[in-house]
2 protein chains.
Amino acid sequence: MAKFYGVGTGPGASDLLTIRGKEIIEMVDCLYTPESKKGGKSLALQIVDPYLRTDLTIKQRHFPMVNDWEQKRSAWNEITEEIVADVKKGLNVAFITLGDPMVYSTYSYLLERLSNKIETETVSGISSFCQISNNLQIPLVIDEESYAVLPATADESTIRTALEQISTIVLMKVSTALPKILKILTELELLDHTILVSDSSMDSEKVMIGLNELNEADQLSYFSTMIVYKNRELKGS
Amino acid sequence: MAKFYGVGTGPGASDLLTIRGKEIIEMVDCLYTPESKKGGKSLALQIVDPYLRTDLTIKQRHFPMVNDWEQKRSAWNEITEEIVADVKKGLNVAFITLGDPMVYSTYSYLLERLSNKIETETVSGISSFCQISNNLQIPLVIDEESYAVLPATADESTIRTALEQISTIVLMKVSTALPKILKILTELELLDHTILVSDSSMDSEKVMIGLNELNEADQLSYFSTMIVYKNRELKGS
């Protein structure tokens, strides 16, 4: 029976995929990959490049990153129809998504449309903040500690409450909310306890430990994440 | 140059290891594995079993799970000395740990002892709650949502605040704190929004969607996790 697979590619390095994810990509007949800008190169596709069979059909599809929900829904509906048609034809189909499919992924919108129509299976991936923590070898949580993951675009009071209540706080997509985040971290005297990583595990990776040198006008990569380690003394900060 | 590698095995299924983790296990000369009870079988070792070379030296070492910190420190110090000696002899050494090495792992205590003495590298793994969410295909977070990971043994006010402020809450190690957690979830009317999974991705996996049937006297596996999805309607609950 043909099936649809959603596969998390992990943060960027090809060998940070799970073995299950790799084997599914090697097996399927058709691979869908998201393209955020029309004609832009898919980062997810670059990650899985070593595992692509030469006879694999690759369908790079445009997912508009806009505020217009009508436009987004219409794109998801079109891609859903195309995938359902492929699977009903008897093709095994995979869709690849950065990081983990269940964490801030457009894949969720595709999945909710597909799951009543065809059989679906979703394969975990390593989230970027998880890789950042392992790469720097600074534990996210030990013993009775807790951690929270928030979009930097969340409202200021939500971010403040998390920073006050929770031991380790991960702020995703900080590039669009840098002035607000820097203001809060400065007021709570947490700049020394924060790291900023862009393009984790990719060739273009940049790491800043302690944010005293960071300026609110600085331009950050779209894939920028902060981790606020309230309980850790960061070396090099 | 010989080196030490800490490798996250992921939640339980052998093919949920990363490719990098698998390749390191296939390469090293010596593999350390934790054993929680003296003479007990190491779950981490069972997970990586397909990747063990026949000539690999396996050193199963006892990590006491007790409240006596002196006893724990003394065990970590002993294992540290042994690993450092192996690496200085020119052996490549790996240590395996369940889930992700940076999330509630005894590995943190080993790493802080090793990192000034020998070269160390740590490889991410899939956390159990991440696998639970992917397996059930219920997104942890979308759009502006946030999630938090707390030990169920945290104090009641911390858990309550997180449940009130954060969209999705993961409670780890619920087996030892079931009455308290059930009381809080009942009061906040969240039983219908909670799933309970024991032994995720293992043969013995059990899933309960909606907790109305759960009794505070029920005995749960040590590897039991709850996810409270405040924003999701759970099918089957």
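For A:LYS230, are the conditions met, namely being more than 18 Å from the chain's Cα centre (by Cα), of a type in the set (D, E, K, R) and more than 25 Å from B:THR153 (Cα to Cα)?
Working: more than 18 Å from the chain's Cα centre (by Cα): yes; of a type in the set (D, E, K, R): yes; more than 25 Å from B:THR153 (Cα to Cα): no.
Judged against the criteria, A:LYS230 is not a match.
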Q: Would you check which residues across the range A:42-76 are modelled with pLDDT under 90, surrounded by 11 or more Cβ atoms within 10 Å (Cβ to Cβ) and part of a loop (DSSP other than H, G, I, E, B) and list them?
A: A:SER42, A:PHE63, A:PRO64, A:MET65
Q: Return only the number of the condition from (1) touching a strand residue (DSSP E or B) at 6+ places or on another chain (Cβ under 9 Å); (2) open to solvent by less than 10 Å² (accessible area, probe 1.4 Å) that B:THR80 does not satisfy.
A: (1)
Q: May I ask you to verify whether B:ALA2 is in contact with a strand residue (DSSP E or B) (Cβ under 9 Å, 6 or more places away or on another chain) and either surrounded by 20 or more Cβ atoms within 10 Å (Cβ to Cβ) or at pLDDT below 95 (or both)?
A: no
Q: Would you mind stating whether B:LEU136 is open to solvent by 20 Å² or more (accessible area, probe 1.4 Å), more than 7 Å from chain A (Cβ to nearest Cβ), closer than 13 Å to B:MET226 by Cβ and under 22 Å from the mean Cα position of the chain (by Cα)?
A: yes
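How many of the residues in the range A:71-85 are under 13 Å from A:ARG61 (Cβ atoms) and either charged (D, E, K, R) or touching a residue at least 60 places away in the same chain (Cβ under 8 Å) (or both)? Please lay out each step first, then the result.
Step one: of the range A:71-85, the residues under 13 Å from A:ARG61 (Cβ atoms) are A:72, A:74-83.
Checking the rest, the ones that are also either charged (D, E, K, R) or touching a residue at least 60 places away in the same chain (Cβ under 8 Å) (or both) come to A:72, A:78, A:81-83.
Adding up the residues that qualify gives 5.
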Q. So, in the range A:139-157, of the ones that are more than 7 Å from chain B (Cβ to nearest Cβ) and either touching a residue at least 12 places away in the same chain (Cβ under 8 Å) or among the charged types (D, E, K, R) (or both), which residue ends up nearest to B:GLU119 (Cα to Cα)?
A. A:ASP143
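Show me the strands (runs of 3 or more DSSP E) found entirely inside the range A:194-237 where at least 2 residues are under 15 Å from A:THR168 (Cβ atoms). Walk me through it before giving the result.
Numbers: elements: A:194-198, A:206-209, A:224-229.
Passing ranges, in order: A:194-198, A:224-229.
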Q: Give the range A:158-181 a look and list any residue that's out of contact with any helix residue (DSSP H, G or I) (no Cβ under 9 Å at 6 or more places or on another chain) and hydroxyl-bearing (Ser, Thr, Tyr), or say none.
A: A:SER167, A:SER175, A:THR176
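Considering the range A:25-36 alone, what residues qualify as being open to solvent by 10 Å² or more (accessible area, probe 1.4 Å) and either in a helix (DSSP H, G or I) or touching a residue at least 60 places away in the same chain (Cβ under 8 Å) (or both)? Give the derivation first.
Within the range A:25-36, the subset open to solvent by 10 Å² or more (accessible area, probe 1.4 Å) is A:26-27, A:29, A:34-36.
Of everything in the range A:25-36, those that are open to solvent by 10 Å² or more (accessible area, probe 1.4 Å) and either in a helix (DSSP H, G or I) or touching a residue at least 60 places away in the same chain (Cβ under 8 Å) (or both) turn out to be A:GLU26, A:MET27, A:ASP29, A:PRO34.
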Q. Of the conditions (1) outside the structural domain of B:LEU196 (by TED's automatic domain parsing); (2) within 22 Å of A:SER124 (Cβ to Cβ), B:ASN135 fails just one. Which one is it?
A. (1)
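The values are calculated or read from the model by the stated rules, or taken from the named source; none is laboratory data. It should be emphasised that the depicted structure is a prediction, and the values quoted were computed from it without experimental measurement. Heads up, the Cβs are rebuilt from the backbone with ideal geometry, glycines too, and the neighbour counts pull from every protein chain shown. Surface areas here come from the heavy atoms of the whole protein model, side chains and all, with no ligands, DNA or RNA. Shrake-Rupley method; radii C 1.70, N 1.55, O 1.52, S 1.80 Å.
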